[in-house]
């Protein structure tokens, strides 16, 4: 475990800065950012942080959580309260939580004119700072309704700095001594949630492009009188060649990323923040950390794991309870698909094919667009019924072995209880442990 992780008396924000400096000096130690608002994922992430002995890094995107509620129905302050309440319940100290905003920018309002979209983006930046978020990814890379199809790097940088200015203004409303926001910048930013269509591996950012980005952003910060805030830019988002889509994953190729790995400037002491690292192998994740991709973002893989566990438990329920006349079985899969068909906005443009292919993609795609529907009341009702049905009786180990072999081994080793909640959390933690190991936390 990295010695930076467990420094006594250091809060999460300070620990992150120490850790990133350590990575630049040694190529060792990183941090994973859990980009999810899903309650089961949050609980699993808290449990994993406690097992790691590390701080908890949770981020919400501007689509999940914003001043209008986002698709999760939560504002930044409500999301912060939710995370802190879960942490208190599980006895993780308040100062060991680092909240971040991912893709903060015009993305949720990109169909509006740029002025309107940017104003709303500034509102969410302010709301995040006031809610206690201390790490903000400033992402103004997307075109709005009145923009050209592709924005110039100067336009992206200027808009990102407007967001930074809004965040810095909000800082003035915080109590004296409050940790100041840390920022992440960049123009080669993957689309939130994964690409909608891909046929070839994404092109890696070049060192020349990286240097141009840093120069353009530095000038934009200086023009707005934000030189002090520039000193709190800790990372830059680039494209390291990793990505995922509906049914494919592009793996990290260390040889191709070698020049980029060596291309970071000595000052400021930045690292890379790697987006779309979901579904990478443990070895690839470890290599990325060593190559100064010290902040690994993970999101869809975690709700993908949640879905795997829930579907497996549904199969066990079918085997165990089918034929019992007094027992109503849950209909999780049916309720989820019905919700997706009723409101196709979150998946329709991501999946292609005939009805059979679409049905499979809605449930099993790496893009995991079904994550947008778990909060639907009809789906929640069926999940609750599933857990209630399986909690009311002992689950046969033979069925767990058949459908959930990882959890079977953990139960046999007395690492977890044989009950649905523990099984679901453990399945999500299996993903988190790969990240924790790559980051030197275990």
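The values are calculated or read from the model by the stated rules, or taken from the named source; none is laboratory data. Since we're looking at a predicted model, the values are computed, not measured. Positions of Cβ are backbone-derived with ideal geometry, glycine not excepted, and every protein chain shown enters the neighbour counts.
Things worth noting here:
- With respect to (1) under 29 Å from residue 336 (Cβ atoms); (2) within 17 Å of the chain's Cα centre (by Cα); (3) not in a loop (DSSP other than H, G, I, E, B), the lone exception for residue 273 is condition (1).
- Residue 136 meets all of the listed conditions (1) surrounded by fewer than 19 Cβ atoms within 10 Å (Cβ to Cβ); (2) within 25 Å of residue 221 (Cβ to Cβ); (3) touching a strand residue (DSSP E or B) at 6+ places or on another chain (Cβ under 9 Å) but one, namely (1).
- Residue in the range 279-286 that is farther than 30 Å from residue 363 by Cβ, at pLDDT 95 or above and in contact with a helix residue (DSSP H, G or I) (Cβ under 9 Å, 6 or more places away or on another chain) present: yes
- Scanning the range 381-402 for residues that are surrounded by fewer than 15 Cβ atoms within 10 Å (Cβ to Cβ) and in a helix (DSSP H, G or I) yields 381, 384, 388, 391, 397, 398, 401, 402.
- Some residue of the range 151-172 being under 24 Å from residue 263 (Cα atoms) and surrounded by fewer than 16 Cβ atoms within 10 Å (Cβ to Cβ): yes
- Inside the range 206-252, residues that are surrounded by 21 or more Cβ atoms within 10 Å (Cβ to Cβ) and more than 25 Å from the chain's Cα centre (by Cα) make up a count of 2.
- Summed over the range 274-291, the residues that are in contact with a strand residue (DSSP E or B) (Cβ under 7 Å, 6 or more places away or on another chain) and surrounded by fewer than 23 Cβ atoms within 10 Å (Cβ to Cβ) give a count of 1.
- Residue under evaluation residue 320, criteria (1) surrounded by 15 or more Cβ atoms within 10 Å (Cβ to Cβ); (2) under 27 Å from the mean Cα position of the chain (by Cα); (3) touching a residue at least 40 places away in the same chain (Cβ under 8 Å), criterion not met: (2)
- Any hit, the range 146-160, residues being within 23 Å of residue 269 (Cβ to Cβ) and touching a strand residue (DSSP E or B) at 6+ places or on another chain (Cβ under 6 Å): yes
- The condition (being assigned by TED's automatic domain parsing to the domain that holds residue 406 and surrounded by fewer than 17 Cβ atoms within 10 Å (Cβ to Cβ)) is satisfied by just one residue among 362, 307, 348: 348.
- Residue match in the range 427-442 (condition: surrounded by fewer than 18 Cβ atoms within 10 Å (Cβ to Cβ), free of Cβ contacts under 8 Å to residues at least 24 places away in the same chain and assigned to a helix (DSSP H, G or I)): no
- Exclusive hit being out of contact with any helix residue (DSSP H, G or I) (no Cβ under 6 Å at 6 or more places or on another chain), under 24 Å from residue 276 (Cβ atoms) and assigned to a loop (DSSP other than H, G, I, E, B), set 151, 174: 151
- Test: residue in the range 129-140 that is in contact with a helix residue (DSSP H, G or I) (Cβ under 6 Å, 6 or more places away or on another chain), assigned by TED's automatic domain parsing to the domain that holds residue 222 and assigned to a helix (DSSP H, G or I): yes
- Residues of the range 349-380 that are within 22 Å of the chain's Cα centre (by Cα) and not in a helix (DSSP H, G or I): 349, 350, 351, 365, 366, 367, 368, 374, 375, 376.
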